[in-house]
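Asks: Got a structure here, written out as structure tokens. Questions coming.
The values are calculated or read from the model by the stated rules, or taken from the named source; none is laboratory data. Quantities reported herein were computed from a predicted structural model and do not represent experimental measurements. Here the Cβ is made from the backbone with ideal geometry for all residues, glycine too, and neighbour counts use every protein chain on show. Surface accessibility is based on the protein's heavy atoms, side chains included, excluding ligands, DNA and RNA. Shrake-Rupley method; radii C 1.70, N 1.55, O 1.52, S 1.80 Å.
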Amino acid sequence: MTIVATPQELKDYLKDINKSIGFVPTMGALHEGHISLIKKARQENEIVIVSIFLNPTQFLKGEDLEKYPKKDEADKQICKLSGVDILFFPHAKDIYSEDEVSLQAPNVRGYVLEGASRPSHFNGVLTVVMKLLNIVNPTNAYFGKKDAQQLHLISLMVKQMFMSVNVVGVDTLREKDGLAFSSRNIYLSKEERQEALKISASLYQAGRMIGKNILDTKQIVEKMREILEPLEISYVEVLNRDFELIRHVEISNTIILVEAKVGSTRLLDNIWL
Ligand code: PAF
């Protein structure tokens, strides 16, 4: 595995490589969920590139940028063992300059759900993803479906900016008891981890209701909120895959999303139906 630190070095390295490239952008603290993205990239491409860049612009003031888990050596090891060809590990000064051009998330879909409580978050995500895609110029780029709104907005950016990369959404990986893998899970105490299971339980319940042909989204959301009690809920929403609110579940075109606070940790999860 080759480790590359600057955008120019990576561009030079890739100049004469005429192979399909699968790209997995990350912020480090890699877990099973990331490994499943890397595996998929490995299956579908000749070259696999992973980036580790803790992007400061997607954190709002007072958020967990400083305490975000850093596991550089373990991350390198995971990449090596997962068959990554190139690890791109840039410093912030190589990605950002003083006076920046930046991207603005769409006015509606960028400022609901996650974007409502974190207003400039998706501007930072889209800006850094655009930069990384331009540096790597991959054939396919892999993102987890757990961050459904992020995946939706990145797909929208790629379409609206006429970019040629193929964006691939990868299913959420869960622990045996249902908790979705997330870098933030390490903040949870033993008791909080148990409480956090209410999130996947509420989604499973929604799945069961839909299985019984209960498609009224108001009824589904009410039941989910009951299960989530007493967690502090940021949102429980049922949307179609264009991220529009729907009143009835549309089979094969619905995402149910939850964000709730467990202790001081915000966790998101969803199911795609
Ligand atoms: O999902 C993440 O880890 C980040 O938002 C991403 C896509 C790597 C951009 O910093």
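Asks: Which condition breaks for ALA148 when tested against (1) open to solvent by 40 Å² or more (accessible area, probe 1.4 Å); (2) hydrophobic (A, V, I, L, M, F, W, C); (3) more than 24 Å from SER20 (Cβ to Cβ)?
Replies: The one condition ALA148 does not meet is (1).
Asks: Turning to a different aspect of this structure: Give all pairs with beta carbons closer than 6 Å in which a residue from the stretch 255-269 that is within 19 Å of PHE243 (Cα to Cα) meets a residue that is of a type in the set (Ser, Thr, Tyr) and assigned to a strand (DSSP E or B); count only pairs at least 6 apart in sequence or on separate chains.
Replies: Taking only residues 6 or more apart or on different chains, the pairs are GLU259/SER234; GLU259/TYR235.
Asks: Then there is this: Taking the stretch 145-167 as the search range and keeping residues that are among the charged types (D, E, K, R) and touching a residue at least 12 places away in the same chain (Cβ under 8 Å), which one is nearest to the ligand (Cβ to nearest atom)?
Replies: Among them, the one singled out is ASP147.
Asks: Working only within the stretch 42-73, note down all residues that are over 30 Å from GLY115 (Cα atoms) and away from the ligand (no atom under 16 Å from the Cβ).
Replies: ARG42, GLN43, GLU44, ASN45, GLU46, ILE47, GLU73
Asks: Same structure, new question: Can we say LEU239 is touching a residue at least 12 places away in the same chain (Cβ under 8 Å), among the hydrophobic types (A, V, I, L, M, F, W, C), at negative phi and in a strand (DSSP E or B)?
Replies: yes
Asks: Shifting gears a bit: Which of the residues spanning the stretch 125-134 are near the ligand (Cβ under 10 Å from one of its atoms) and in contact with a strand residue (DSSP E or B) (Cβ under 9 Å, 6 or more places away or on another chain)?
Replies: Across the stretch 125-134, the qualifying residues are VAL128, VAL129, LEU132.
Asks: Suppose we filter the stretch 242-267 for residues that are assigned to a strand (DSSP E or B) and touching a helix residue (DSSP H, G or I) at 6+ places or on another chain (Cβ under 7 Å); how many remain?
Replies: Adding up the residues that qualify gives 10.
Asks: Check every one of the strands (runs of 3 or more DSSP E) wholly within the stretch 1-98 and list those with 2 or more residues that are open to solvent by less than 20 Å² (accessible area, probe 1.4 Å).
Replies: Filter on the stretch 1-98 gives 21-26, 47-52, 86-88.
Asks: Sticking with this structure for a sec: If you scan the stretch 213-259, which residues turn out to be among the basic types (Lys, Arg) and within 21 Å of the chain's Cα centre (by Cα)?
Replies: ARG241 - this is the single residue of the stretch 213-259 that is among the basic types (Lys, Arg) and within 21 Å of the chain's Cα centre (by Cα).
Asks: In the stretch 179-227, which residue that is open to solvent by less than 70 Å² (accessible area, probe 1.4 Å) and polar (S, T, N, Q) is modelled with the lowest pLDDT?
Replies: SER183
Asks: Something else now. If a residue must be under 19 Å from LEU245 (Cβ atoms), open to solvent by 40 Å² or more (accessible area, probe 1.4 Å) and not in a helix (DSSP H, G or I), how many such residues does the stretch 107-144 contain?
Replies: So the answer is 5.
Asks: Could you say whether any residue in the stretch 227-245 is closer than 24 Å to LEU151 by Cβ, β-branched (Val, Ile, Thr) and out of contact with any strand residue (DSSP E or B) (no Cβ under 6 Å at 6 or more places or on another chain)?
Replies: no
Asks: Then there is this: In the stretch 135-144, which residues are within 14 Å of the ligand (Cβ to nearest atom) and either of a type in the set (S, T, N, Q) or touching a His at 6+ places or on another chain (Cβ under 9 Å) (or both)?
Replies: GLY144, the sole residue that qualifies.
Asks: State whether the residues of the stretch 218-236 include one that is touching a Phe, Trp or Tyr at 6+ places or on another chain (Cβ under 9 Å) and closer than 22 Å to ILE154 by Cα.
Replies: no
Asks: For the stretch 107-124, which residues satisfy the criterion of being away from the ligand (no atom under 13 Å from the Cβ) and more than 19 Å from LEU257 (Cα to Cα)?
Replies: ASN107, SER120
Asks: State yes or no: is ILE78 of a type in the set (Val, Ile, Thr), touching a Ser or Thr at 6+ places or on another chain (Cβ under 9 Å) and more than 10 Å from the ligand (Cβ to nearest atom)?
Replies: no
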